[in-house]
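Encoded as C-alpha cells, the structure appears first; notes follow it.
All of the numbers you see were taken from the coordinates with simple rules; none came from a lab. Since the structure is predicted, the reported quantities are computational estimates derived from the model, not experimental observations. As a convention, Cβ positions derive from the backbone with ideal geometry for all residues, glycine included, and neighbour counts pool all protein chains shown.
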Amino acid sequence: CFTNGCYMICVYIANKFPQHGHYIPQRFADNRIISSKYTIWNFIPKNLFEQFRRIANFYFLIIFLVQLMIDTPTSPITSGLPLFFVITVTAIKQGYEDWLRHKADNEVNGAPVFVVRSGSLVQTRSKNIRVGDIVRVAKDETFPADLVLLSSDRAEGTCHITTTSLDGETNLKTHYSVPETAVSQSVSRLESLQAVVECQQPEADLYRYHSQSDHPNPPHTLGPENLLLRGARLKNTKEIFGVAVYTGMESKMALNYKCKSQKRSAVEKSMNTFLIIYLGILLFEAILSTILKYAWQAENKWDEPFYNQKTDQERNSSQILKFISDFLAFLVLYNFIIPISLYVTVEMQKFLGSFFIGWDLDLYHEESDQKAQVNTSDLNEELGQVEYVFTDKTGTLTENEMQFRECSINGIKYQEINGKLIPEGMTEDSPDGEELFLKAVSLCHTVQISYDQTDGPGDPFSHANGFSPQMEYYASSPDEKALVEATKRMGVTFIGTEKYKLLHVLEFDADRRRMSVILQKPSGEKVLFTKGAESAVLPYSTSGEIDKTRVHVDEFALKGLRTLVVACRHFSADEYQEVDRRLHEARTALQQREERLVEVFNFIEKDLELLGATGVEDKLQDKVQETIESLRLAGIKVWVLTGDKHETAVSVSLSCGHFHRTMNILELVKQKSDSELGLIHGLVVDGASLSLALREHEKLFMEVCKNCSAVLCCRMAPLQKAKVVRLLKTSPEKPITLAIGDGANDVSMIQEAHVGIGIMGKEGRQAVRNSDYAIARFKFLAKLLLVHGHFYYIRIATLVQYFFYKNVCFITPQFLYQFFCFVYLTLYNICFTSLPILVYSLFEQLVHPHVLQSKPALYRYRDPSAAHTAHLYWDCHTFFCFVMFGNWTFGTLVFTVMVITVTLKLALETHFWTWMNHFVTWGSIAFYFIFSLFYGGIIWPFLHTQDMYFVFVQLLSSGSAWFAIFIIVITCLFPDVIKKVFYRHLQPTSTQKSQVSVRLPPQTLQL
C-alpha cells in the first residue's frame, strides 16, 4: 500500500484478499525465531572459516602444508596433530553452544497456538502463523507474534499484559481493542470480518506504532495501545483475539536482537600481536640461516664433503628452488618459536578454570538453589580487565517489590506502623482530609482485581478483613499496587469502581509525568484525582499545604523513597460537560491525536487542591550498594541503562549508591542539557535525547559521559542499550565493557558488550541463555570480577608470556648450532615443560581472595612482567662448550640446562604452592632425566637411527657436566632473584604490600 506518501503494509484480516485483478500478493517473513548461528549444512565450512581467520590457526596450517610438500627436519605430525586437536575441540565447543540455541528456538517455534481458520479454532505451531491470521491467546500465555487487539472477553474490550521480557517492567499495562471489532468475540463473527489494517514498515522501537484499520465504518487510527508485542504475557484477562501484523524476525522483539557474534578476549588479541612479532623474528632467522648456509658452502670442500655426496638430481636442480626449499626447511625447524602447544594449553586452562566459578559456594544462591554458570569459557580473563559496567535496573539492581513507608497529609507527616498511620508528634486526632487522601490514593490508578471466586459488588471502601484473601491486585506500576495495598491495610479497600463510577482515565506519559482519573461519586458529583511527580503536580495546585508538602517530598527523596504527590479537583455540571466533550473529540481524532490529547489533559489538570504526598520504598537486592561502591573503588564506572521512567530511575540510582547526594546531576532530558564545572557529575539522559545526541553530537556526548562518575540512561529501547555499549566499546580508548541484565530486553546489550552476564531472575531465561556468564544476584558480580577476574587475568597473562619465553629459550640453540633431535623437539612442549605452567595457570593466587574483596583497588593493579634473562643464559653456557666432546653430548647439555632453567623460572614466579605445584614442578625435571636415561640407554628396534644412544649416561658421568649445569642455572636465575628482592624491599607494589600485611590462614580458599 502507498498511503500518505509512504509505503505501508496492508494486512487483510483472516487473509481475505481482494478478488479484483489489481491485488499483488505481499511477501512476509514466517513466524520462526532464529537465534542460532549455524545449520547442519554450513557448520563445517563456516566454523572452519572463522577458526582459520585466527592468525595462529592459519599460520600452523601453512607450516603443516609446507611439511607435507617438502623434505623438512621434522615430521608433519608435530604440527598436524596439535592443530587438529585445537580445531576439533573449538568446533565441538562452539557446536554444542549453538545446539543449545537451536534447542531453545525449537521450543519457541514449536509452541502450540490457536488460530481462526475455516470458521473454527485450529491448533497449530507458532512457526506456522502467517501475517493476517487471527490468533487466540489465553490468560498467562505469551503472544506468539505482534498482534493488533481485535477483541477480548472483557466488556470494554481491554486486556492487561506484562512486558517483563521486553522492557523489564513487571507491572501491568492496559491495551485496547479496535472499537469496531471489540464486540466480535465469537469465532464465527471474527471469521466474517472484512477489514484491512494498514501498518507502517517493521521497526525496532517498542514504544512506537502507527496504523489505521479500514472497516465498513470510517477508518480508525491505531497506536501502541492497540498493539500486543511478541514476548509479552496476557494477564487478568481470560482470552483475547488479535490479528498478526508482524511475524518472526520482523517482530519488534526480534528486531531488537543483535546477531550472535564470536567474542574474542583482549588477551587473545594481544597473542595475535605477539604472534606477528615472533613471526617476523622467525622469518629473519630463517632467511639469515639460509644465507649463512650458502655463504658457508661457497667453498667446495664444504659444499660437497666426502661424507655427504650430492646426487645428480641435486646437482642439476634450480638454485632458486633449492634456496626456497632450504628457507622453508629452516622455517619449519624454527617454527617452534611460535608454539601451537600454547593454544592447546590456553584452551585447557580456560575450560578447566571455568569450573572454579561454578564450584565457588560464595556465588551460590541458597534461596533459589542456583549456582553461577559459565556459558563461554573463552572470556575468563576479560573479567579481570573490565572498565565499564552497564547494568539494567529492574530485576537486576532491584527486586521490583515496593513497600509503602511514609506519607504527608495536609502538611503533617505520617509513618505506617502495624497497618496504621501514625503522625509525627503527639497528635492523636486524625486531621481533616485524611479520609479524602486515602480515597484518592485507592482510586487514582489503573489497578485491576482478580478473584478466584467472584465476589458480589459492594462498597469499594470497607475494612480489609471483610474480604476474601483470594483477591489479588494487578497494577500498571509497582507503585500503584503498593499504594492500593497500603490503603487496604489502613482500612480503605479498593474492590472495584461500581459505587465510584470510573468515567475517564488520563493516562500517564513521560512529558506530563502524572496520571488522573475522573470519577462520579454516589452523590452524582464529578471529581478528578491526580497523582504524579512533585514537579508535575505542585505548580498546578492552587490550594492546600503546598510549601509543607514540598519540604516533606524532599525529605522522602533524601531517604531514597519514590515520591508521588496527590491532588484533586471538583467539577460543576457545566465544567464536566465541557471536559467530556473535549476528551471525546481528542480521542476520536484521526490526525494529531496525541497532541490534541495532551492539550486537553493540561486543560483538565489545573486549579488542583493539594491533598498530600506518598513515599514508597523500592526494595533493592541484597548488598547492591556495597557492590557498586566496590566496583567504583576498583576503578570501574557503572552505567545504568533502563527502560523505566526518569523519576523512578533517578530514585533507584540514589538509593543504591549509584548516584551520591553530593553529586551535581546533569540532566539531558527532552533535548535539554545543563552543566557546571568543578563538581563530581552524574549524568541522566533519556532515550529520545540520546538518539539526538548520538545522531548529531556523538563526540561531545561521549566526552561528557567520560567526565561523569556515574551515568543513568532511562526510557531506553533494547537496541538503544546495545548502541550505547557499542559507542563506548569502539571509542579511541577501547575500554573493556561488561553488560548485566535479566530480561529479553537486555539480550542485545549482553551480546554487544565484551562480557555479558545474565541474572537468573524472574523474567525468564533468555538473558541467561544469551549471556557468557550467569549469576543469581547482582551482589555476586563483586567477587566474580574482583577475585575470579583478577586471578584469571594474572594467570593467563603469565601463561602467555611464559610460553613465549620458554620457546625463545628453546629455539635459540637451534639457531646457533643447528643441533636437533626429532624426539626432544616434539616432547619439549608436550611433556617436559607443559604441566607446571598449566597447574600454575589454574591455582596461582598472588593475594588471598578475602584481601582482594576487602581492597578493591588491587583489581586495577597490573603486575609488570619480569624481564626474562634468556640472553644471559646463552652467554653463560657457551663458556663451557669446550669441555664437552661430540655434538650430541653438547646439545644434550644445552637442552638439560634449558629444561631445568625454564622450570625453576616458573617456580620463582609462583606465590601459591599446592601439592600439585610441587608434584608437577619437580616431577617434570625428574621425568626429563628418567626419559633421557631410558631413551638413550636402550637400543630401540623400531627406530631407524639412534643418535642419542648412551649420550645422556655419558653426560651424567662427567663431573664437569654436573658443575656446568649447576653454575649455568644459578647464573641464569640469579638476576631474577636479585631483582625480586630489590624491588620488594625498596619499591614494593600494592600487591606485594598486601601479601605481607595480611597473614594468610593455614587453610586457604583455592580457586
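General remarks:
- Reachable lysines, given that their alpha-carbon falls under 19 Å from the alpha-carbon of Lys499 and they are not under 8 places away in the same chain: Lys439, Lys488, Lys521, Lys526
- Out of every Cα-Cα pair that the stretch 714-793 contains, those further apart than 20 angstrom amount to 34 percent.
- Taking 0.692 mPa s as the viscosity and 37 °C as the temperature, the Stokes-Einstein diffusion coefficient of the stretch 555-616 based on its alpha-carbon Kirkwood radius rounds to 236 µm²/s.
- Placing pseudo-labels 7 Å out from each Cα toward the beta carbon at Phe931 and Trp99 gives an inter-label distance of 3.4 nm.
- Residues whose placed amide H lies under 5 Å from that of His504, excluding near-sequence neighbours: Ile518
- Hits among lysines - C-alpha to C-alpha of Lys350 under 16 Å, sequence gap 8 or more where chains match: Lys93, Lys263, Lys269
- 3J(HN,Hα) from dihedral phi, the stretch 227-244, Karplus parametrisation 6.51/-1.76/1.60, rounded to Hz, x for glycine, proline: 9, 9, 7, 4, x, 6, 10, 7, 10, 6, 9, 5, 7, 9, 10, x, 9, 6
- Sequence-distant residues sharing a close amide H with Arg117 (under 5 Å, placed H): Val122
- Over all orientations, the stretch 222-288 has a Cα convex hull whose mean projected area works out to 9.1 square nanometres.
- Cα pair distances in the stretch 517-568, grouped into 10 Å bins until the bin that holds the longest one, percent each: 22, 46, 24, 8, 0
- Two-decimal Rg/Rh across the stretch 483-551, once Rg and the Kirkwood Rh are taken from alpha-carbon atoms: 1.00
- Here, the stretch 77-174 yields an orientationally averaged convex hull projection of 10.2 nm² when only Cα atoms define the hull.
- Sequence-ordered 3J(HN,Hα) estimates for the stretch 482-493 from the Karplus curve with 6.51, -1.76 and 1.60 and θ = phi - 60° stand at 5, 5, 5, 5, 5, 5, 5, 5, 8, x, 10, 10 Hz, glycine and proline given as x.
- J(HN,Hα) series, the stretch 637-642, from Karplus relation 6.51 cos²θ - 1.76 cosθ + 1.60, nearest Hz, glycine and proline x: 8, 10, 10, 9, 10, 9
- Average projection area in nm² (convex hull over Cα atoms of the stretch 15-134, one quarter of hull surface): 12.2
- Cα-Cα P(r), the stretch 485-633, percent of pairs per 5 Å interval: 2, 8, 14, 17, 18, 15, 11, 7, 4, 3, 2, 1, 0
- Stretching the chain fully between Met916 and Val551 yields a gain of 124.9 nm (0.36 nm per residue, less the alpha carbon separation).
- Taking the square roots of 5 times each eigenvalue of the Cα gyration tensor of the stretch 329-401, largest first, gives ellipsoid semi-axes of 40, 16, 8 Å.
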